[in-house]
Every structure is written in structure tokens, then in C-alpha cells.
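The values are calculated or read from the model by the stated rules, or taken from the named source; none is laboratory data. If you're wondering where the values come from, they're calculated on a predicted model, not measured in any experiment. Every residue, glycine among them, receives a Cβ derived from its backbone with ideal geometry; neighbour counts consider all protein chains shown. For the accessible areas, the whole protein counts, side chains as well, though only heavy atoms, and no ligand, DNA or RNA atoms are used. Shrake-Rupley method; radii C 1.70, N 1.55, O 1.52, S 1.80 Å.
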Protein chains: 4
Amino acid sequence: MVPLARELTRAVGGDAARHVHLGATSQDIMDTAAMLVSRRAGAVIRADADIVCAALAALSGEHRATIMAGRTLLQQALPTTFGAVAAGWLNGVGTAAQALDEVIEHRTAAQLGGAAGTLASLEGRGPAVAAAFADELGLAEPVLPWHTDRGPIVELAGALARVCGATGKIAGDIALLAQTEVGEATEEGGAGVGGSSTLPHKRNTIAAVSALGCAEQAPGLASTLFAAQVQQHQRAAGPWHAEWLPLSRLLGVTGSAVAWLRTSLERLAVHPERMRANLDLTDGFPLAERVTTDLAGELGRLPAHELVQSACQEAADSGRALAEVLTERLQGRRTGSEIASLLDPAGYLGATGAFVDRALAAHAERTARRGTGPAGDPARNRSRT
Amino acid sequence: MVPLARELTRAVGGDAARHVHLGATSQDIMDTAAMLVSRRAGAVIRADADIVCAALAALSGEHRATIMAGRTLLQQALPTTFGAVAAGWLNGVGTAAQALDEVIEHRTAAQLGGAAGTLASLEGRGPAVAAAFADELGLAEPVLPWHTDRGPIVELAGALARVCGATGKIAGDIALLAQTEVGEATEEGGAGVGGSSTLPHKRNTIAAVSALGCAEQAPGLASTLFAAQVQQHQRAAGPWHAEWLPLSRLLGVTGSAVAWLRTSLERLAVHPERMRANLDLTDGFPLAERVTTDLAGELGRLPAHELVQSACQEAADSGRALAEVLTERLQGRRTGSEIASLLDPAGYLGATGAFVDRALAAHAERTARRGTGPAGDPARNRSRT
Amino acid sequence: MVPLARELTRAVGGDAARHVHLGATSQDIMDTAAMLVSRRAGAVIRADADIVCAALAALSGEHRATIMAGRTLLQQALPTTFGAVAAGWLNGVGTAAQALDEVIEHRTAAQLGGAAGTLASLEGRGPAVAAAFADELGLAEPVLPWHTDRGPIVELAGALARVCGATGKIAGDIALLAQTEVGEATEEGGAGVGGSSTLPHKRNTIAAVSALGCAEQAPGLASTLFAAQVQQHQRAAGPWHAEWLPLSRLLGVTGSAVAWLRTSLERLAVHPERMRANLDLTDGFPLAERVTTDLAGELGRLPAHELVQSACQEAADSGRALAEVLTERLQGRRTGSEIASLLDPAGYLGATGAFVDRALAAHAERTARRGTGPAGDPARNRSRT
Amino acid sequence: MVPLARELTRAVGGDAARHVHLGATSQDIMDTAAMLVSRRAGAVIRADADIVCAALAALSGEHRATIMAGRTLLQQALPTTFGAVAAGWLNGVGTAAQALDEVIEHRTAAQLGGAAGTLASLEGRGPAVAAAFADELGLAEPVLPWHTDRGPIVELAGALARVCGATGKIAGDIALLAQTEVGEATEEGGAGVGGSSTLPHKRNTIAAVSALGCAEQAPGLASTLFAAQVQQHQRAAGPWHAEWLPLSRLLGVTGSAVAWLRTSLERLAVHPERMRANLDLTDGFPLAERVTTDLAGELGRLPAHELVQSACQEAADSGRALAEVLTERLQGRRTGSEIASLLDPAGYLGATGAFVDRALAAHAERTARRGTGPAGDPARNRSRT
């Protein structure tokens, strides 16, 4: 700061020169600069997050009825739709980006306290100068100087690490869906970008992997910022200095993670036929409980359960199709086509459609509520923190 | 969950028995329980935080004019007041507790998605049941099941780690102020609690140290929760399981940190005479710039600066009082009492009074806005997350 | 400590009573106890790690020639063997467990320094008493009291977190191999343990997932211990207290992670036929470069490359088998069986056999070198730290 | 890597060109480069650590008899010597630097495994090439490729974070000792470097604070590396990429922390007279137990204890000197000079002298054992990891 203040004084010249840096301490400038940088970085992150959310909203609507396996503990469980999956991604990253936005818009606060946080050298005009300073910069005016109250830093850290997590979750799922043996979604980056003609089976999800590689750096960086809150007296001896690089890196990895996810989604090819083929690997077993329910009225619950369980066992042991075994056993009670219908995943999608609609509505509401942001209108950020 | 569902089924009995756990998966119960536990823990934390804030508000008002050294990098810098110091503590922990409250009140969401997040076994009634479930429990109704969207967990983690940081900052300052050589504030826990008649110089700030010991565990725990956001597909294979203990411990260390800080403040004795004596160790040097400013009009800025700097040098080299050297050098321009007045810290407290008032007003506003909380009226928590 | 010392004094009685706790401070007892607990926990971890290593060594030898896909970025790349995969697991967890062992055996140090680390109340006999104390407990005798030099704690933390990582890596791979669409290895825990007759497709790797859930808690806990090294003066005001629970939890999650991995391996079923079938999904493309190399001598490198690349392109575009296209194009130069041989993964396993042998030899060496451990012979741990 | 390999191929030319990057995958080059960079960074860190240790050894010897207060929980407890304090610092940072050295010298391993860790494209010569590769670079030859066994990375991470902790502990103590009210050690960096003529009371320990600011970034970075151990299959999809920046930053902050500590020690001025004056603030109370012990033989333990405790109480309540009260109460039993001698801290320094000697001997042994390091003689690093 010392050479900067000297150069500024020189550049300003005249009577104004003696007002350069008047009343301020180095930390005032550094903290305020960190907030301004965070706002600029935040605008970049938001722009990419907007594109990510738009892409996910489109995927969600488009694949509202695309049946695929829902997976738990990495195993196929019950059917779901890719629309519902994309709706979950959208809601996760959309709400995380919105929460970051709130912090960036309303909580990035100017810092002006002078050497010991009293603004003594501004005499009686300290608070007025601090208010004008915040106003000029479009930053929130804090109740007090926050030299050793690092709330604004950790709010930002938490919001950034959350965006990284939501981004990493989606990127991780894409990498899993693109596995050679799964192949339900792939990044199609063209020759030289994760694919090649000599290795046509290889669909490296370079962008998703890069997003993950960035996102996974956030928790450690955030923990450094959380730990640095214990700052001594009026200005700290170490913890403040420990914030500089982690905050900068955290903005960097968040921006990179979101940008890589955007790229991944731009390259994303969805393969509904593979989704369906993979789901068929489980041969209707996940829906066996529907048959039990269907029979419970006429057989009683327990006998129905035992009948179905025994059929499942036979199918699994013999390798015969479950529908075939059930049709055999339920002759006279249910036709083959009734059984096929009970075992059809398309009939067991629960609230997936409603969830897609809800996610899209919430997305639309977030988008509408936002309008122009802090870059567009700094005057909106007049709140006190 | 399996034995619990079995026991509940047995306990319920009759026709209702078949509705126990219907449509739910283990994670629904675990996540919802985690939210309910967090609300209960949050109420305990808030109750202690309220007492902490009330104590700090009282200290801040009471010591609005108690002069002490403002310290930067662990060195005395410029004068401040203990009222302003306590106001900074109040604002830090008060806003952190309020942010936690917001999360606890509005963001703790019910979880009900069934095995793959589709609520398929509830047939068309999934969303309606989920809404009723959230309502019954006084938890927010999420837009979608959040089995692998861990926003609610990390919002909580971030808010808890922030409270720990704000608490640790205060506890750390108390431990520093209580140092044998500083002695400006001490914990007076009575015989056997940090003090003893045979070691009357020893004022162990047991409570503040314990608060710090708890608070410093938060960043690592929070980082585990942030890292665990990358959860696979519809329900995760590891990261979800990795959340259980850290969330529980994070609630625990936050509650303990705040409770220990409460105890520390209950025991706190403030020693204004030591504050003043310590400040006098610096013999007016921090205020030398006021003399420069005062002389600048009649001497010109640069000559005034050089005169004062040379006087400081002489005082430092010779060990004479700065006031004495300045009086000698400024004979005919300023009287000894004018110089004493310029060097009097009481005249150079800047905005400390205003800052105390602002912090108290913000505290009053937070207190008023809150009123009864979630425990008092679950109906207030109807927001969708 | 105070009530414990009182009870011990009472229990000892007589003249000996006044020697209870003589010269010691609470931290001496707590730190020494932490080391003793760590040794006991370490013995448990080692016992499970030994079983894990033995199981992996057996798998590695047994599957030395079991061909499977080597996967990079979650995509099939080149062939490898399951023996080589298990050898990598063995080497990772084996060396991590050995490093932990070294720390547990040689670096767990007794603590005896008295209130300020000077052993003043033992008069001239301080170091002799400290040496006898360490000897009695079978702990290393430190050069100095380490009240605020936390090397012994963080060495342990690093070694434990490394074991967790090596364990988590294996568990993660098992969960991936067990995916419904991959099915190359599964946990066969029997009915009710990750599998069921009604959901025969579901092979939840409960044990591997639990191992991961434990392992993923280690980095955050370790970071708290690393951060707690900055301890003030002769005994710390907070950071030491912040160590207690994380160290205890870190021992816990490491022990649990290794125990769960042991269980996972006990349940592990390997499916070589699925490994081969999955590898065949890539239809020889990964080995196309072998054909290029084979032709380079007679055609020149570039023409050979272009010929093979063009064949690959045609096969990929048309969906025909690569071997078929190549046979057609290389008529007169190579027979169909020569081409089949070049594309046979069994001929392109590189050093997998040698690597299995090296991993088994290193394992045998580690096992032999160890012999009886600290529990067996405390006298072995006489090194000074 | 792709453009680098292309440029190298061009630069090499001729027949050799086709051997460039032969058999290697990008990760081989990146990991090996990371190890080479770590060795170079390690040499720089060691050089500064050597200077730090030499400075601490000199301080320890020089101040073997310099009495000061031993402090616990930031309170004066019992007397110690600054020599013993410096010996503790020396032992902490010396053993941490040695442990880092061990890792750098013996555990930095070459990486060569090819695309799937099988070295298939090197045909039968894989292990031989890998051995020659390691030899050429002076790196350890690993048992197996360690693409997804990150032991070498986390050993390094743990060792670096330990050095940071040991460095931060010393820096933190210096900052505390330099407090305005303590003044026992200061950084004398000259005008403009933490001090100024207008603020002669200000002794900002800029270097120590900067060391702390660097050191406190290590735990978060290390935790990211520990977490990144869970790498999938043969080469990872994210966690490996997450290592790059944190490892680089961790080397950076460790080097900076040690360099700043070196600077701090170069600037360090020790003030024995302030040490003594501060200790005298406690007026002999810490040594009261010596009087009890001295009287126990003739009065019995309990009466002796009660007499001394009552004298302490009176002194504390009345503000009179403890020696004076004791002399009055023990008239006929002990002379004033006998009492003064019992209360003299110089007689109650315990094993501080022995501890200084032990720390210096251990330091000498570490220095001797090392001799020339890896940079001097790469051939020494032939161990297999």
C-alpha cells in the first residue's frame, strides 16, 4: 500500500494530494479491494451460472418423460426420468448461485476504519466519510469497521464453497453417466477434445472432470477462511494475512468450476436409448412390489408378498424373465399384458413430472426476481450489513 | 432405520401399521431427523447467544468512554474505548447468530423422496404427502427432495462455523487482555476456577480458553461437510454417510463455544485503570500527528512534520517525555497545556461513541425483529426452500 | 485431572500418596494418555490392516492373469489385470499402514514437563524421572517436553489420514466396480445385507460405502490438528484443547474405515466373465496402435498410421467390427488370425505380471520386517524422538 | 502435455523423435515434474530452515541462563529461561524440517506407468525403462506406478504442513513476546520496517506476522490433498486435477513461512531486562510452594501449607510484598534472606539447562547426520518407495 499511496498522491497533485489515503489504513484498502474484486468475480460466476441453469432447465423440460434408472449407492434402484435428474441439478446449482448472488449484492461491504477502527483522523466526520465511500463504490455500508469481524469474508466463503459443491455434484454425475459401460450421457467435444477416431469408445468428460478438479479445492480454502476469523484486537497479526490468497483462489476455483460445467453442458449429448437399455438390465425386479400391492386386496397382504417373493427368487435363480415367471404363477388371476403393465417403469415414475414442473417454476421465479444485478445498478446495494 | 421401522410398526398396530415408513427411505428419516435436531440445538445456541449479546451490549454502553489502547498486530496503535471494542464483539457475534437463526428458522427442510427421490410408492399423492409431512414437523417444504443436493446442510455448516469464528474472536481477545502483563480484563471465577490464593497473579481465562478450544474445531468439520456435497446420482455412496458425525459435532462445538463465552462474560471483570496505565506506556507518541496537523496551518505542512518528527526522535533517544520536548521546541507557539491537550487520548477517540451507538441500535433492531422463534411458532416456518 | 489426582491419592494412601501427580501438570497426563490410547487404537487398526493386506495379496496372486479394462477418467482405456489392480490397492494401503505403524511404534512419546515444561518441582531429577516414566509406559522419551511442539500429534494425524485415503481409494473402486452396469466385483453379504431376493439386481456395497463414509471424515479432522500446532508459549490457550476430540475421532474413523474395508473384502466376489465382457465392449479399438506398430516396418510409420486410423473411422461409423474392417484392408499382408492376435488384450498386458510380483514381494518384506509390534514388546520402543 | 510433447519431438528430430514421450502418459510427466519441483522447493526450504535452526541454537546457548516467565494459557506460571524457550523452538522446527527432508530425499518418486499403469507400449521393457528413468532423475523408483496411490503426495503434504505449524508456533510466540506491554523480544527491522520515529512504541513484528500468515494457509491446503487420495481406478476423474494448485501453493506457503521466520530471527532483539521485570510482576507467588516444601519437615505438611496460603492471601489482599509478609510470619524460623532465596526464580529453573543441552545435542546430531543432501548427490536417493 505504501508505494501505491505515494504514486496516487503524486498523480493527484495540488491541494487534493493531502487527502489521498487520509484516514485510511492499508487494511481498509485491501479489504475494500477484495470486496470489489469479489463483486466482479461474482458477476462472471453468475453469468456462467445463468447459462448453466438455462441449459439445465432446457434439459429438464425436454427429458421430462425420458425414463432412466434412479441410482442409489451407485446401484440401480427405481426408475426416474432424466428430466427429474436435471431438475435436481438445476435446483441445486440454481439456489446455490442465488445464495452467492445475495451475498455479492447485499453483503459485500466497504471497509474504512483507519489504523485502529476509530476513524480518529477524520475527526467528527468519520461515519459520514465512510458512508460516502461505500456509496461511491456501490458497496454496503457496514455498521462498524469489520477489520477483525470477518463475517463478510466467511459469508462469501460459504456461498462460494456451496456453489462449488453444487457444481461438483453435477459434474460428478456426468462423469459417472458417461462411463463406457453406462454411456447415458457423453461430452461430445469433437476430435482432440476427449475423443478420437482411434479410440472411439473413449468419451473423456474433460470438462466435467475439470469442473470437479476445481470444485474439490473449495472446502480446504473455505476452511482456511473460517479458521482465520479469530483475529486479534483491532487488526490481526497473521490471520488477516492468511486470507488474501485463499479468498482469491476460492473465487478462481469457483469461477473455473462453473465455467467448466457450462462447457460440459454445451457438449452434453444425452442418450435416452442407453438409459432405457440400462434400466432393462434389471428386468422389472424393482417394480415387483407393485404386483404385491396389486394382489394384496384379493390374496391378503402376506400371501401376496410371499407369492411375489418366491417368483422373484425363481427368476433370479433360473435366469428366466420375471414377467414370464409371474405370468405362469398368476395364471387365471392376471394376464401377461397386465403383468407387463405392472412391471413397466413408465407407470412408476411417481412425482417426477411434478418435480420437473416445480423446479422449472422455481427457476423462473429466481430469474424473474433478479432482474438487473449489482453491476447494472450499484444503487441497489445500499443496505447496511 | 430397519429396526426402528419394525418397532414403530409394532407399536402402531392395526390398519395404520402398514402406513409406517410408507413411501420413505432411510435417508428421508435421517435427514429430517438431522434437521429437527439442528433446530433444537439451534434454539439452545440462540438462547446462549442472546445472553452473550445482552452482556456485550451492557459492556459496550457501560464502557462507552473507557479509554484503552487500540492494538494492531498485537502492538498498541491509537486509543479507542472498551465500549467500541465490546461493540465490535457484539456486532460480530450478533450478526453471526442472526444468520444462523435465519438458516435454522427458514432453511431447515423436511426430506421425503423415497428410494429414488420420486415418491413413486405414494402414487399420485407424493407432493401432497411431502407437504403435509413438512407442515406437521414445522420444517420448510423443499421444492424437490434434496437427497443429493446438500444445500441445506452446508448453509447450516457455514452459519455454524461463522458463529464459532465470531465467538473465538471474542474469546481470543479476552485471553489476550487477561495476560499477566496486560491485565485489562480478567475472568473472576472464584477460587478453584482459574484462580487461587497461592497463585494470585494467575487469572486463567478458563472459560474463554474453552470457548476457543471448541471454536477452533469448526473449520475442519465444516470443510468435511462442504466436501461431502459431491453426492452421486439419486442417493450417495459414502459422502452422505460422511456427514453424520461432523454435523453432529459441529452443532456440539458451536453450542459449547457459545456457552463457554457466556460463562466467560459472566465472570468478566474489566479494569479501566489498567487500560489507562497500559495506554500511558506509549507516552503520547501515537498522537504526535495531531500536533503536526495543528501546526500545519501556520508553518506549512512539511516544516510542521519535520519539527514534530525531530522532537519524537529526541524524546525516543533521550527517554524524556514527548510532551516535555515538544513544549520546549514550541515555546511561543503552544503552551504546555495546549500540547498536553493535543496528546490526550481522550480527545482522539474518533467515532468510537458513534460506533457504540450504531452497534447498540443494530442489536436492538435484531432483537426486536426476532420476537418469538421457531420453537415458539412453527407455523412461521412455512417457506419453501 | 483434579478429581482423578485426588482419587488416585486416596487410593494409593500412605507415604506414597504425596508422590501422586508430583511434578506433573494436567497436560502431561492428557498427552501421555492420548499417546497410550493411540497405541492401542493403532494395534487394532494394524490388525485389521493386516487382514486387509492379506486378502489383497491373495486377490492379487489369484487374479494375476484375470484380464479387465484399465480405466482412466472413468472410461475404459487399455487392458490390465485384476491382479494388477489388487496389487495397486495392496501397495497403497500396505505402505500407508506401515507408515502409521512406524509412527505408532517409534514416535508416540511420553509427556512430562510440569507446569511450565521445566520439571522444576522434581528438582535436579526431572530428566531422570521423565526417562523412567517413558520407559515404564513403553513410550518414546522425547528430547524435550512437547507441550507446545505438536510434532507427535501431527505425525500421527498425517499417518492416519493417509491410511484413510488409501482405504477410501479401494472402497471407492469397489463401489464403482459393483455398479449395476459394470458388475465386475460385488459384495455378497447375504440376504438383508445389501442384497435381497426381491431386488436381486441390487448389490449394495454397504461395507465399501461405510468405509468411504468414514475415510472422508479424515481430512477435515487432520486439518484441525495441523492448524492447532500454533500453540502459545509454554502451554496453549485453546489450540491444545482443540486437539482432544479431533484426535480421538480421527483414530475412530480410521479404525472404522479399515474395519469396513476388511468386511468388504471378506464379502467380495470377483466376476472375471463380466470383466471380459465389459472389455469386449470396446471392440479392440484400444489396441489399434499395435497394428500400426506392426505395419510400420514395411509401410513406413505415417502410411501405417493413416491406414489404421481410416479403418478405425470406418468401423466406428459403420458399426462393423474393427477386426473385420482391418482384415479386409490388410488382405495379402496380414491374415484374420494375425489381426485377431494383435487386437487380443491378453497380448497387451505390459508389466502387469511383474507389478503383481513386485507388490507381493514388497508386501512379504513389510510383513517379515515387522515381526512383533509395540504391543508385543514395548521395550522395542526406546528411541528418543 | 500435448503441445509440449510435440515441441520436444520437433526439437529432438531424427530417429530419436519417435521415442519422445513413448510409453508415457500425461500424468507420468506431471507427477514426475511435481516431484522434481518439490525437491527444488525442498532444497530452498531446507536452506532457510538451516539458517533458522542455527539462529535458534545460538539464541538457546546464549540465553541458557536468561530468566523469564514461563507462560501457560497466556498467564505467567513458573520461571523458565529464554534459552529453554529457544531450545523448544529449535527442537520443534528442527525435527519438522528433518522429517520434510526425509520425505524429499527418499520418498519423492518418479512416475512412469503409461495410459493405464501397465507400461504396455514398452512391451517387456517397462520396469527397466522406469528404473532407468528414476535413476536419471535422481528420484526414488516406486514399486508400482502410483497414478492413483497418492502416498507420495500426502507424505509431502503432511511434512510441509508440519513445518508450517512449527514455524507458525515460533512466529506466534515472537509476536506475543513483542507486545507493547510485554516487550521481551522485538523485531528491529530499522526505520520503515515495522518501526518509525513518530511511533517509537510500535514494534510491528512484520516478519513474524507474515510467517504466521503463510503458515496458517497450510492446514486447508493439506486437507485438500488428503481428501484427493480417493482416486478412481487407474487414473482419476477430478481428484488428481484437484492436487495441482494446492501442492504448488503448499510448497509456496511453507517456503515463505520459513523465509519470513528467518528474517524475523535476523531482526530479533532479546530484552533480558524486560523478561526479568515482567517476571517480577508476580512478586514471587509462583514460588510460594517452595516455602511450603521447605517448612514441611519441621511443621508438618498441612500446617506448612496453611501458613503459606494464609500469607499469600494477606499479601494479595493488602498489596504488600509476599517476601515481607512471609518474613514477618516466619520470624525465628527463617531469615529474610533465606526467604528471598526461596522466592528467587533463579533457584527454580528445573531442567532448563539440561533441556538446552539436549536440544543443542540433538540439533548437532541432525546437522551431522545430514551432510550433503539430494541436490548434492542424487545417487543417494536410490531407495525404492
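Note on region A:254-346: enclosed helices (runs of 4 or more DSSP H) holding 1 or more residues that are of a type in the set (Lys, Arg) and more than 14 Å from every other protein chain (Cβ to nearest Cβ) are A:322-329.
Taking A:GLY190, is it under 30 Å from the mean Cα position of the chain (by Cα) and either at pLDDT below 95 or not assigned by TED's automatic domain parsing to the domain that holds A:PHE355 (or both)?
When the stated conditions are applied, A:GLY190 passes them.
The residues listed here are C:ALA34, C:ALA24, C:ALA43, C:ALA11; of these, the one that is in contact (Cβ under 8 Å) with a residue 24 or more places away in the chain and either open to solvent by 70 Å² or more (accessible area, probe 1.4 Å) or not in a helix (DSSP H, G or I) (or both) is C:ALA24. Only one entry in C:VAL103, C:VAL52 is more than 25 Å from C:GLY350 (Cβ to Cβ), of a type in the set (A, V, I, L, M, F, W, C) and surrounded by fewer than 24 Cβ atoms within 10 Å (Cβ to Cβ), namely C:VAL103. Among the candidates C:ARG320, C:ARG334, C:ARG370, C:ARG366, which residue alone is open to solvent by 50 Å² or more (accessible area, probe 1.4 Å), more than 22 Å from D:ALA116 (Cβ to Cβ) and touching a residue at least 12 places away in the same chain (Cβ under 8 Å)? Only one candidate qualifies: C:ARG370. Considering each residue of region A:61-81, count those that are facing another protein chain (nearest Cβ under 8 Å), without any contact (Cβ under 8 Å) to a residue 60 or more places away in the chain and at negative phi, and give that number. Residues in region A:61-81 being facing another protein chain (nearest Cβ under 8 Å), without any contact (Cβ under 8 Å) to a residue 60 or more places away in the chain and at negative phi: 4 in total. The residues of region C:85-126 that are assigned to a helix (DSSP H, G or I) and touching a strand residue (DSSP E or B) at 6+ places or on another chain (Cβ under 8 Å), listed by number, are C:VAL85, C:HIS106, C:ALA120. Check whether at least one residue in region A:245-262 is in contact with a strand residue (DSSP E or B) (Cβ under 8 Å, 6 or more places away or on another chain), outside the structural domain of A:ALA315 (by TED's automatic domain parsing) and closer than 24 Å to A:GLY70 by Cβ, and report yes or no. Looking for residues that are in contact with a strand residue (DSSP E or B) (Cβ under 8 Å, 6 or more places away or on another chain), outside the structural domain of A:ALA315 (by TED's automatic domain parsing) and closer than 24 Å to A:GLY70 by Cβ, one finds none in region A:245-262, hence no. Within the option set D:ALA96, D:ALA116, being within 8 Å of another protein chain (Cβ to nearest Cβ), buried (at least 21 other Cβ atoms within 10 Å of the Cβ), touching a residue at least 24 places away in the same chain (Cβ under 8 Å) and under 26 Å from D:GLY238 (Cβ atoms) holds for one residue only, D:ALA116. Candidates are the residues of region D:133-146 that are within 30 Å of the chain's Cα centre (by Cα) and not aromatic (Phe, Trp, Tyr); the one that is nearest to the other protein chains (Cβ to nearest Cβ) is D:PRO142. The set of residues from region A:337-353 being aliphatic (A, V, I, L, M) and surrounded by 18 or more Cβ atoms within 10 Å (Cβ to Cβ) comprises A:ILE339, A:LEU342, A:LEU343, A:LEU349, A:ALA351. From the list C:ALA178, C:ALA128, C:ALA84, C:ALA109, the lone residue that is under 30 Å from A:VAL182 (Cα atoms) and either more than 10 Å from chain D (Cβ to nearest Cβ) or over 21 Å from the mean Cα position of the chain (by Cα) (or both) is C:ALA178. Within region C:277-294, if we keep just the residues that are under 25 Å from A:ASN278 (Cβ atoms) and not hydrophobic (A, V, I, L, M, F, W, C), the residue that is most open to solvent (accessible area, probe 1.4 Å) turns out to be C:ASP280.
The C-beta contact set for region C:208-229 (first residue more than 7 Å from chain D (Cβ to nearest Cβ) and among the β-branched types (Val, Ile, Thr), second residue open to solvent by less than 10 Å² (accessible area, probe 1.4 Å) and assigned to a helix (DSSP H, G or I), distance under 7 angstrom, 6+ apart or interchain) comprises C:VAL209/C:ALA175; C:THR224/B:GLY220; C:THR224/C:ALA242; C:THR224/C:PRO246.
Name the residue, out of A:ASP173, A:ASP101, A:ASP149, that is of a type in the set (D, E, K, R) and more than 7 Å from chain B (Cβ to nearest Cβ).
A:ASP101
The residues listed here are B:ARG274, B:ARG262, B:ARG358, B:ARG301; of these, the one that is open to solvent by less than 70 Å² (accessible area, probe 1.4 Å) and not aliphatic (A, V, I, L, M) is B:ARG358. Scanning region B:58-75 for residues that are open to solvent by 20 Å² or more (accessible area, probe 1.4 Å) and either among the acidic types (Asp, Glu) or in a helix (DSSP H, G or I) (or both) turns up B:ALA58, B:LEU59, B:GLY61, B:GLU62.
Looking only at region D:132-143, decide whether some residue is in a helix (DSSP H, G or I) and open to solvent by less than 20 Å² (accessible area, probe 1.4 Å). Yes. Being open to solvent by less than 10 Å² (accessible area, probe 1.4 Å) and assigned to a loop (DSSP other than H, G, I, E, B) is a condition met by no residue of region A:152-175. Taken over region A:240-259, residues that are over 24 Å from A:ALA97 (Cα atoms) and open to solvent by less than 10 Å² (accessible area, probe 1.4 Å) amount to 1.
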